[in-house]
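**Student:** Have a look at this one before I ask anything.
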């Protein structure tokens, strides 16, 4: 049996101390010695002093071995303790962090009374203000500044709401029923000109006590509670401002609300445009305060290119992008980014403005323009089929939607035969001759020179010589630039004017591609189709406000409410109404009024089916497709729980659950 060297050393040491050799037989046994020592010491294990002298018995190699074993033992003990500790702890969200979102556009009025006409304003308003009700992450209507959902009377006319008593404005003032009364009275003031006026016309709002309000409707409107998600204004700050100054008040850009975030600061460029907007979390919010401490919006003029939103997103200067156009997804896709595709009740359509051009007054013309459009090709070439073809503004899942309902496609030849009954054709050569004749007339008129004699008498000189060859050549060269070789022929009206339409749309890649495809389809009908691309941030004030277009290609966000009143009732033809086709049909108005008042689901379906049939008959618009909504978010942001939205700003429905920082806590 092999005896370790340190035991041999220990044995030799003992021999020297007791003077015993290997050849001497002990007087007593070894066990007797051990028992004797134990009886004297009273211990079976070495004392601390004995352990302290152990190194004297060990060799250098043995000391190293013992040291290494000790380190391993201690490390194992620490690791075991750490693992045990982790098993008893959980990682949870912590307050902190800064999130910056890129937005193409700019804020104008961060005020719930006006925000609906500008998506950027809606985003900011959603974070700064609160409504009586709200939609949660599952798109369900739940209480917000109210403590419960409205109590509805048996006749469906009265809605009573009890308000939170612990809500405060960001300046520390308490929220009360007076703020609710002020907000809805202001919306109903025609001088304010709020886009929300139509939703609250004829509705009486009264204060029952400091924290109870009642809404009384003139007619039943089952979807009314969804209107109560609009943000509430603080009476103590706005009550002294006149209607004329309401839109101009600096409070529209430095708001005070009751939402989860409050205004911190803004930054403008040299032109006065807001380029950065910073919010901070409300520490003692009446609901769970958000985890992310600072929420920043960075505003851009464009998605792509130097200094664009996507470049800063890729370089991690921002953490999210409010919307990712389909054609730019490949530029956005990065390991640190998550692209979230959300369901959004929105559709893209062509709106025919009959009051802007006589061409669209003819029903047959509108029908042929509509049936000549290849919707499948547009969806395929603009969005790579990431969307759904539609034939009506009543979208899937809404009352009255019929998946079998389709608009008719027509052969180009058939469409041209129909249009021949209204407009004559003009060949390319005939059109060139017409243009040349007009140029020659203008040229000869320019040669009639009026001059004054020294005596003050006027003398007219009429040059009737033929047009010089070089001038004719210049005229023909200029005409070449005016003739589109893709146009097979032209059409003229009774006054021999070329039939022309202009399509206006936002200057985005998706809409630009779609509108060029539509223009090429209408060229086959002999219609000269011009295109006007307007920056997205200017569409509202430059186009929608004045209804300055023949045809508008536009994306309509329907929202969660199936009510079509705001989009097609004749009372909504003027801005800020959303009847963008200027469509007026008294019979259809009655149908929309009845549909928003009925409490009978079957009746509502029947009314909306009739509504669609009337639209298809009158053709005030061409409904193209329903796109998806894609949102880019850094993977450092956790807690995003939304999958279905009714407006892009609904991506913030679970904002209080977003987090960047984490911490460890004991499991309970």
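**Student:** Normalised radius of gyration for the range 56-113, please: alpha carbon Rg relative to 2.2 N^0.38 Å, two decimal places. Numbers along the way, then the final one.
**Tutor:** On the way: Rg = 28.6 Å, N = 58, 2.2 N^0.38 = 10.3 Å.
That works out to 2.78 for the range 56-113.
**Student:** What's the percent breakdown of Cα-Cα distances in the range 130-255 across 5 Å bins, shortest bin first?
**Tutor:** Taking all Cα pairs of the range 130-255, the binned fractions are 2, 10, 20, 24, 21, 15, 7, 2, 0 percent.
**Student:** Say each of residue 185 and residue 69 gets a label point 7 Å from the Cα, pointing the same way as Cα to Cβ; how far apart are those two points in nm?
**Tutor:** Going from the residue 185 label point to the residue 69 one covers 8.9 nm.
**Student:** Now a separate question. Where does the chain land at 222 nm, in deg cm²/dmol rounded to the nearest 500, when only DSSP H runs of n ≥ 4 count, each adding -39500 (n - 2.57), divided by all residues?
**Tutor:** Details: 21 runs with 215 residues, N = 668.
Mean residue ellipticity at 222 nm (helix-derived): -9500 deg cm²/dmol.
**Student:** If I take every Cα pair under 8 Å that is 6 or more residues apart in the range 130-255, average their sequence separation and divide by the length, what percent do I get for the relative contact order?
**Tutor:** On the way: 190 pairs, mean separation 35.6, N = 126.
Once normalised by length, the contact order is 28 percent.
**Student:** Can I ask one more? Mind listing the Cα extents of the range 531-659 along all three principal axes, in Å, largest one first?
**Tutor:** 54, 43, 23
**Student:** If you don't mind, another one. For residue 289 paired with residue 208, estimate the spin-label separation in nm (one decimal), with each label point 7 Å from Cα along the Cα-to-Cβ line.
**Tutor:** 3.3 nm
**Student:** Given a Förster distance of 35 Å, report the FRET efficiency between residue 276 and residue 427 from their Cβ-Cβ distance, rounded to the nearest 0.05.
**Tutor:** Numbers: r = 57 Å, r/R0 = 1.63.
So the FRET efficiency works out to roughly 0.05.
**Student:** Okay, next question. Ranking request for peptides 272-278, 314-320, 119-125: highest mean number of other beta-carbon atoms within 10 Å first, then the rest in descending order. All intermediate terms of the calculation are to be shown ahead of the outcome.
**Tutor:** Values: 272-278: 15.1, 314-320: 17.1, 119-125: 23.7.
Averaged packing, sorted descending, gives the order 119-125, 314-320, 272-278.
**Student:** Using the number of other C-beta atoms within 10 angstrom as an exposure proxy, rank 375, 367 with the fewest first. Present the calculation step by step, with values, prior to reporting the outcome.
**Tutor:** On the way: 375 17, 367 20.
Lowest count first: 375, 367.
**Student:** So what is the relative contact order for the chain, in percent, with contacts set as C-alpha pairs under 8 Å and at least six apart?
**Tutor:** Numbers: 1122 pairs, mean separation 133.3, N = 668.
Reported relative contact order: 20 percent.
**Student:** Right, another one. Within the range 223-256, name every residue whose backbone N is under 18 Å away from a label modeled 7 Å from Cα of residue 198 along the Cβ vector.
**Tutor:** Inside the label zone: 223-230.
**Student:** Taking the highest mean first, how do the peptides 576-585, 389-398 order by number of other beta carbon atoms within 10 angstrom per residue?
**Tutor:** Numbers: 576-585: 20.5, 389-398: 18.1.
Put in order of decreasing packing, that is 576-585, 389-398.
**Student:** Taking the Cβ-Cβ separation of residue 442 and residue 483 as r and a Förster radius of 22 Å, what is the calculated FRET efficiency to the nearest 0.05?
**Tutor:** On the way: r = 18 Å, r/R0 = 0.80.
E(calc), rounded to 0.05, equals 0.80.
**Student:** Once you have the Cα-Cα distance between residue 243 and residue 498, take 0.36 nm times their residue separation minus that, and quote the gain in nm to one decimal. Please list the in-between numbers first.
**Tutor:** Numbers: separation 255, 0.36 × 255 = 91.80 nm, distance 4.60 nm.
Length difference between fully extended and current span is 87.2 nm.
**Student:** Given the Cα-Cα distance of residue 472 and residue 268 and 0.36 nm per residue of separation, how much length would full extension add, in nm?
**Tutor:** Values: separation 204, 0.36 × 204 = 73.44 nm, distance 5.36 nm.
Between residue 472 and residue 268, full extension yields an extra 68.1 nm.
**Student:** Using R₀ = 35 Å, calculate the FRET efficiency as 1/(1 + (r/R₀)^6) where r is the Cβ-Cβ separation of residue 236 and residue 541; round to 0.05.
**Tutor:** Working: r = 31 Å, r/R0 = 0.88.
Approximately 0.70, to the nearest 0.05.
**Student:** A further question on this structure: With angles folded into 0 to 90 degrees, how steeply does helix 601-618 sit against the dominant principal axis of the chain? Use alpha carbons for both and round to 10.
**Tutor:** Roughly 50 degrees between the two axes.
**Student:** Got the relative contact order for the range 484-617 handy, in percent, Cα pairs under 8 Å and 6 or more residues apart? Present the calculation step by step, with values, prior to reporting the outcome.
**Tutor:** On the way: 171 pairs, mean separation 24.3, N = 134.
Relative contact order of the range 484-617: 18 percent.
**Student:** May I pose another question? If I compute Rg/Rh (Cα atoms, Kirkwood Rh) from the structure I just sent, which labelled value in (1) 0.99; (2) 1.27; (3) 1.06 lines up?
**Tutor:** It is the one labelled (2).
**Student:** Can you tell me how much longer the chain between residue 61 and residue 570 gets when fully stretched, taken as 0.36 nm per residue apart minus their C-alpha distance, in nm with one decimal? Display every interim value, and only then the final one.
**Tutor:** Numbers: separation 509, 0.36 × 509 = 183.24 nm, distance 9.92 nm.
Here the segment from residue 61 to residue 570 would lengthen by 173.3 nm.
**Student:** Can you list, bin by bin at 5 Å, the percent of alpha carbon pairs in the range 168-239, starting at 0?
**Tutor:** 3, 15, 25, 26, 18, 9, 2, 1
**Student:** Next up: If the viscosity is 1.306 mPa s and the temperature 10 °C, what translational diffusion coefficient in µm²/s does Stokes-Einstein give for the range 235-274 when Rh comes from Kirkwood over Cα pairs?
**Tutor:** Numbers: Rh = 12.0 Å.
Roughly 132 µm²/s, to the nearest whole number.
**Student:** Could I have the simple spin-label model distance between residue 89 and residue 342, label points 7 Å from Cα toward Cβ, reported in nm to one decimal?
**Tutor:** 3.5 nm
**Student:** Starting with the highest mean, order 193-203, 416-426 by the number of other Cβ atoms within 10 Å, averaged over the residues of each peptide. Working shown, then result.
**Tutor:** Details: 193-203: 17.6, 416-426: 15.6.
Descending mean neighbour count gives 193-203, 416-426.
**Student:** Quick one: order 498, 110, 91 by neighbouring beta-carbon count within 10 Å, fewest to most. Intermediate values should be presented prior to the final figure.
**Tutor:** Numbers: 498 16, 110 28, 91 10.
By the 10 Å Cβ count, ascending, the order reads 91, 498, 110.
None of the figures in this text is laboratory data; all of them are computed from the coordinates on show. Small disclaimer: the values here were computed from a predicted structure and weren't measured. A quick note on method: Cβ atoms are made from the backbone with ideal geometry, for glycine too, and the neighbour counts reach across all protein chains shown.
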